[in-house]
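Comments concern the structure below.
The values are calculated or read from the model by the stated rules, or taken from the named source; none is laboratory data. All of these numbers come straight from a predicted model, not from anything done at the bench. Here Cβ is always computed from backbone atoms with ideal geometry, including for glycine, and neighbour counts include all displayed protein chains.
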Amino acid sequence: MTDKTRIKILVVEDDPDMMEQMKVYLESENFEVVSASTQKEAEPLIKPGAFSAAVLDLMMENPDSGFVLSHKIKKMDARIPVVIVTSVTKETGFYFDKAHDPKAWIKADAIIHKELRFEQLKAELKRLLGAGEGHE
Amino acid sequence: MSDQLPVHQLDVLIVDDEAGMREGAARSLEGFSVPLPDFNENVTFAVRRAATGEEALAQLKAKSPDIVLLDYKLPDMTGIDVLTAAPGAGDFLTIMITAFASLEVAVNATKRGAFDFLAKPFTPEELRATISKAARSIYLHRKARRLEEEKRQVRFEFISVLAHELKSPLAAVEGYMHLMKERMKGPELAAYDSMVERSVVRIGGMRKLVMDLLDLTRLESGKKKRAIEQVDLVKAAGLILENVAALAAAKKVTLELKAPPALVLSADPGEIDMIITNLLTNSVKYNKEGGRAVLELDRKEGGAVAIRCSDTGIGMTEEELAKLFGEFVRMKNEHTRNIDGSGLGLSILKKVVKLYGGDVKVQSKYGEGTTFELTLKDAPVPAAAEAAH
């Protein structure tokens, strides 16, 4: 963050409380939050230059909303970091197969468990944005 | 008819030291089939043979059969010895063959899990009848096991979803606490008002979920205490309307009651309260601002009572309608994200209505509104209910 313009982050989350908390944290870190609370609402927001990174809830109106959005974002610009937030592995016993790199087909850069410490999200975003600094 | 059923072969091991017996039994089962239409199977039999206890044990070890026809008196040991030494005893069904119907042998063999007896000499028909019985028993057991497995799966899924539904509000409250602890919005307490408010709402939702869950459990186990009395539904509806008024006013939804002066039903007042409250709160929660909700009560032919609740709300798509009565199903779309609920309301409603020998019908049009129609009959008086139980 060498310049003063705030980095825009797309946050898609259907739990209004999670959304509110995410906003407070990210804004305190000087990010600007572009928000959507459903997959449907988020889709028209996926436009070149609209945001520099995305944080997506996995299960919204569809059980794979996060994957679908991630795929669309990566198709538009593969360099935009995408973090998928989910609680799916623990509760349903549905595991992402570590042997076959899950990110390869999910097309996300990081998958964070839902009881994430916001610090973890912050660190993940910083790491990913740092790595992609070339295209900022 | 039975020809069209899929064929399944059961593996039968015949253990007898008399070659004539072995061959005779094998011939009796050759080409013999047992149609089991209720299991959608036609059962045939593949026969293996053993002449001694040792041979039998070797065969059992090589491959566990489905049925063992076991002679009691073998040259090297008794049939009981074979059962005792058999690997995987209990995986197969044993039919004991004895020359003398000795009670002692029977008791002993039954203790070791023998399923049936055949007294020597027996006719091919007797053998086939016994084998048919055994085949049916095997299928019944398999079906029971499958049902048990399905039940376990349903329970597992229910608990998984329940855990999720309890964790979400916990995570929300925990998150707000964390924000407050870190003083993310500065030192002024007022800055955190909305966070405290949301925490209270989420904890309230969690309490509702736990209470609903207890209701559901009581209903399912049949342990719910019921106090049946003559309840005037119109009077009850009037009181509930007052309770829901605040919620309706907040959403600018007008409530209307269309009913005769009185409508009496033998019922548990708590259950009636639950039913009507559930219908009315749903028709307000899932309504549009400025919408309408109408509750209609009337007597149907034959004495049953109809409760109809229609709204001018957001309605449901066919797809949503199909999922409506599932446990923890809450419609997730852009209209419903700020609506709280346990996702158990309609599951409970349906179970309660069943107690009144009634049913629940739903009609809905996406974007236009939903109508629930319930029919309730007089609840049986407690004594009769006890007797029926």
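Do the conditions hold for B:Ala134, that is, is it at pLDDT 85 or above and either more than 10 Å from chain A (Cβ to nearest Cβ) or touching a Phe, Trp or Tyr at 6+ places or on another chain (Cβ under 6 Å) (or both)? Taking the combined requirement at face value, the residue satisfies it. Here B:Lys111 fulfils each of the conditions (1) surrounded by 17 or more Cβ atoms within 10 Å (Cβ to Cβ); (2) more than 14 Å from chain A (Cβ to nearest Cβ) apart from (1). Each residue in region B:246-269 was checked for being in a helix (DSSP H, G or I) and surrounded by fewer than 14 Cβ atoms within 10 Å (Cβ to Cβ), and 3 of them qualify. With the condition kept exactly as written, say whether any residue in region B:101-123 is among the charged types (D, E, K, R), assigned by TED's automatic domain parsing to the domain that holds B:Phe39 and within 33 Å of the chain's Cα centre (by Cα). Looking through region B:101-123, none of the residues is among the charged types (D, E, K, R), assigned by TED's automatic domain parsing to the domain that holds B:Phe39 and within 33 Å of the chain's Cα centre (by Cα). Taking the residues in region B:176-225 that are among the hydroxyl-bearing types (Ser, Thr, Tyr) and surrounded by 12 or more Cβ atoms within 10 Å (Cβ to Cβ) as candidates, determine which candidate is farthest from the other protein chains (Cβ to nearest Cβ). Checking each candidate, the answer is B:Tyr192. One residue stands out in region B:69-89 among those that are more than 43 Å from the chain's Cα centre (by Cα) and among the hydroxyl-bearing types (Ser, Thr, Tyr): the one that is nearest to B:Arg22 (Cα to Cα), namely B:Tyr72. Mind checking whether some residue in region B:28-46 is loosely packed, with under 15 Cβ neighbours inside 10 Å and farther than 28 Å from B:Leu5 by Cβ? Checking region B:28-46: not a single residue is loosely packed, with under 15 Cβ neighbours inside 10 Å and farther than 28 Å from B:Leu5 by Cβ.
Residues of region A:24-40 that are in a helix (DSSP H, G or I) and surrounded by fewer than 17 Cβ atoms within 10 Å (Cβ to Cβ): A:Glu27, A:Ser28, A:Lys40. Among the candidates A:Val55, A:Val82, A:Val11, A:Val33, the residue that is closer than 23 Å to B:Met184 by Cα, among the β-branched types (Val, Ile, Thr) and free of Cβ contacts under 8 Å to residues at least 40 places away in the same chain is uniquely A:Val33.
I'd like to check something: does region A:51-67 contain any residue that is assigned to a helix (DSSP H, G or I) and facing chain B (nearest Cβ under 10 Å)? Yes, there is a match, as at least one residue in region A:51-67 is assigned to a helix (DSSP H, G or I) and facing chain B (nearest Cβ under 10 Å).
Taking the criterion of being free of Cβ contacts under 8 Å to residues at least 60 places away in the same chain and surrounded by 13 or more Cβ atoms within 10 Å (Cβ to Cβ), the residues of region B:130-149 that qualify are B:Thr130, B:Lys133, B:Ser137, B:Leu140.
In the set (1) closer than 19 Å to B:Leu127 by Cα; (2) touching a helix residue (DSSP H, G or I) at 6+ places or on another chain (Cβ under 7 Å); (3) in contact (Cβ under 8 Å) with a residue 60 or more places away in the chain, B:Thr94 fails one condition alone, (3).
This table checks each residue for (1) under 34 Å from the mean Cα position of the chain (by Cα); (2) assigned by TED's automatic domain parsing to the domain that holds B:Glu368.
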residue	(1), (2)
B:Arg198	no, no
B:Val210	yes, no
B:Leu214	yes, no
B:Ser266	yes, yes
B:Glu271	yes, yes
B:Thr277	yes, yes
B:Leu297	yes, yes
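Against the criterion of being surrounded by 20 or more Cβ atoms within 10 Å (Cβ to Cβ) and either within 20 Å of B:Lys361 (Cα to Cα) or of a type outside the set (Val, Ile, Thr) (or both), B:Ala293 qualifies. Of all residue pairs spaced 6 or more apart or on separate chains, those with beta-carbon atoms under 6 Å, a first member in region B:18-29 that is without any contact (Cβ under 8 Å) to a residue 40 or more places away in the chain and a second member that is assigned to a loop (DSSP other than H, G, I, E, B) are B:Arg22/B:Asp16. Inspect region B:150-160 for any residue being basic (Lys, Arg) and under 30 Å from B:Val47 (Cβ atoms) and give the result as yes or no. No, the conditions are met nowhere in region B:150-160.
Scanning region A:1-50 for residues that are more than 14 Å from every other protein chain (Cβ to nearest Cβ) and of a type in the set (D, E, K, R) turns up A:Asp3, A:Lys4, A:Arg6, A:Lys8, A:Glu32, A:Lys47. Note on region B:165-175: among residues that are without any contact (Cβ under 8 Å) to a residue 60 or more places away in the chain and under 20 Å from A:Met60 (Cβ atoms), the one that is farthest from the other protein chains (Cβ to nearest Cβ) is B:Leu166.
Could you tell me whether any residue of region B:51-71 is free of Cβ contacts under 8 Å to residues at least 40 places away in the same chain, of a type in the set (Val, Ile, Thr), in contact with an Asp or Glu (Cβ under 8 Å, 6 or more places away or on another chain) and in the same structural domain as B:Asp17 (by TED's automatic domain parsing)? Yes.
Mind checking which residues of region A:40-75 are aromatic (Phe, Trp, Tyr) and closer than 16 Å to A:Lys8 by Cβ? If the condition is that a residue be aromatic (Phe, Trp, Tyr) and closer than 16 Å to A:Lys8 by Cβ, then A:Phe51 is the only one that fits. Taken as a whole, the structure leaves A:Glu29 outside the set of residues that are closer than 23 Å to A:Phe118 by Cβ, at pLDDT below 95 and within 11 Å of the chain's Cα centre (by Cα).
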